[in-house]
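The values are calculated or read from the model by the stated rules, or taken from the named source; none is laboratory data. It should be emphasised that the depicted structure is a prediction, and the values quoted were computed from it without experimental measurement. For neighbour counting, all protein chains shown are included, and Cβ atoms are generated from backbone atoms with ideal geometry for every residue, glycine included.
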Amino acid sequence: MKKIIFIISIITFALTSFAQDKEISKSLGNEISYYKYTGVAADTLTSNQDTIDVTFAVLLSGNISRVAVKSRFDLVAGADTTVSIGIYGKDFTDDGLNTVVSPVVSSAITANNTIIITESARTSTIASYASTTAGYNSTTTAFTIKQDTAGYKYYPADSLKVPIITLTNAAQTMTNAAQTITENNLTWRRYTIRYILQGNDSVGTGLKLDEIEIKLWQN
């Protein structure tokens, strides 16, 4: 009996020695591009729960060109710490995550109600290209006017002769700068915000995830 209890204790200790992850799933309504989630007591990043994934399912008909997330934190036991925040996207529940915003480690969070904004680029990618227009040559050959000896007897023959002239326009090449605007396409059916505790001053302390706001912009 003592051996069984000892084995159970070892297993329990092993399970609790590894940091656990937490997943939260929320769904935005049809054609809704903003959502606010209020955290609960269990939404706390500690050494025992160092990762929280918050996934928002969206139902927007247009392409999404920008994503922004506002996170608000409180301290646990007054210890300052840092957190990594990244935004990822996928279409189906069993798909792998695709990076929308690469994770960034925050500076030390030393006070309650600390707000961190995580967002994709505001500007679109602009690619420039050149269009070339070739010039042309035009040649005009003059002609000779001869006297109508039958109708104008008083003019000497060939007195109205016009010299032959060739006009040549120099070839020109005009290069016009142009721009093609390619909108950011960050369209996914699900967006996951991943919070990972990076460091803390006291073992067992960390951050309380109080609030998350997500905003999506369409083309």
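Things worth noting here:
- Checked against (1) closer than 22 Å to Thr38 by Cα; (2) touching a strand residue (DSSP E or B) at 6+ places or on another chain (Cβ under 6 Å); (3) among the hydrophobic types (A, V, I, L, M, F, W, C), Val100 meets all criteria but (1).
- Any chance Thr99 is at pLDDT 95 or above, surrounded by 13 or more Cβ atoms within 10 Å (Cβ to Cβ) and part of a strand (DSSP E or B): no
- Residue match in segment 49-63 (condition: exposed (fewer than 15 other Cβ atoms within 10 Å of the Cβ), touching a strand residue (DSSP E or B) at 6+ places or on another chain (Cβ under 6 Å), touching a residue at least 12 places away in the same chain (Cβ under 8 Å) and in a strand (DSSP E or B)): yes
- Taken over segment 30-48, the residue count meeting the criterion of being part of a strand (DSSP E or B) and either over 23 Å from the mean Cα position of the chain (by Cα) or at pLDDT 95 or above (or both) is 7.
- For segment 174-195, the set of residues classified as at pLDDT below 95 and assigned to a strand (DSSP E or B) consists of Met174, Thr175, Asn176, Ala177, Ala178, Gln179, Thr180, Ile181, Thr182, listed by residue number.
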